[in-house]
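The values are calculated or read from the model by the stated rules, or taken from the named source; none is laboratory data. Keep in mind the model is a prediction, meaning the values are calculated, not measured. Ideal geometry is used to build each Cβ from the backbone, glycine not excepted, and the neighbour counts take in all protein chains shown. Accessible surface is based on the protein model in full, side chains and every heavy atom, while ligands, DNA and RNA are left aside. Shrake-Rupley method; radii C 1.70, N 1.55, O 1.52, S 1.80 Å.
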Amino acid sequence: MPRNVEIKAKVADAEQLEQLAMALTESYGDIMSQTDTFFIVPHGRLKLRVLGERQEGQQEGQLIFYHRPDVSGPKLSEFQTTFVDDAASLLLTLSLALGVLGVVKKRRKLFMYGQTRIHVDTVEELGSYMELEVMLTDDQTLEDGQKIAEEVMEKLQIKTSDLVTGAYLDSLIHKAAA
């Protein structure tokens with residue numbers, strides 16, 4: 001199963017972070033709109049990420065299962081992704097079969113820096129965040145990924161005090177309960 005080391009941080013100034021990411025990666029990044037629907041499952045997380053429109057109104061997407069601890073700072077995530085051509089039909093089927101835990105809508109700007117995916121996210125109802133995903137090779141350890149993540153954090157001027165735990169969905173559920 002593929003692995004990565006992830007960190008997530010709350011961002012006060014997304015525009016400044018984007019400028020730092022552009023300078024670091026020497027690219028303008030890719031902008032995408034994503035809607036993640038999370039399903040009720042006995043362990044880990046299962047989400048259907050709906051991407052853009054395709055021909056004949058079909059939407060492509062990604063069915064993603066992952067497991068990672070809910071701790072701040074770098075954490076190991078194991079995941080499996082299946083690409084789908086008809087996300088709307090799969091969304092209906094999974095919603096009926098499993099039930100929906102919640103939905104996260106975001107605008108994501110993606111930058112690539114070596115083996116690290118830098119995400120600058122604007123999440124509906126939550127605000128601006130940054131995620132780093134260090135894609136590990138088979139011979140790399142969690143510690144190798146943590147070192148890379150910490151180096152990229154420093155270059156992007158992300159402080160450890162800005163790191164958050166959990167998924168965006170957890171924050172939305174907590175916010176709704178308050």
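Do any strands (runs of 3 or more DSSP E) lying entirely in region 52-114 carry at least 2 residues that are touching a Ser or Thr at 6+ places or on another chain (Cβ under 8 Å) and at pLDDT 95 or above, and which ones are they?
So the answer is 59-67, 100-113.
Say whether the condition of being open to solvent by less than 70 Å² (accessible area, probe 1.4 Å), closer than 16 Å to LEU132 by Cα and part of a strand (DSSP E or B) is met by at least one residue in region 38-48.
Looking for residues that are open to solvent by less than 70 Å² (accessible area, probe 1.4 Å), closer than 16 Å to LEU132 by Cα and part of a strand (DSSP E or B), one finds none in region 38-48, hence no.
Starting from residues that are part of a loop (DSSP other than H, G, I, E, B) and of a type outside the set (Asp, Glu), keep the ones in region 115-146 and report whichever is surrounded by the fewest Cβ atoms within 10 Å (Cβ to Cβ).
THR137
ALA21: in contact (Cβ under 8 Å) with a residue 12 or more places away in the chain, surrounded by 14 or more Cβ atoms within 10 Å (Cβ to Cβ) and assigned to a strand (DSSP E or B), yes or no?
No, not satisfied.
I need the full set of residues from region 6-40 which are under 30 Å from LEU98 (Cα atoms) and of a type in the set (Lys, Arg), in order please.
LYS8 - this is the single residue of region 6-40 that is under 30 Å from LEU98 (Cα atoms) and of a type in the set (Lys, Arg).
Anything in region 1-18 that is of a type outside the set (Gly, Ala, Ser), out of contact with any helix residue (DSSP H, G or I) (no Cβ under 6 Å at 6 or more places or on another chain) and surrounded by 12 or more Cβ atoms within 10 Å (Cβ to Cβ)? List them, or say none.
PRO2, ARG3, ASN4, GLU6, LYS8, GLN16, LEU17, GLU18
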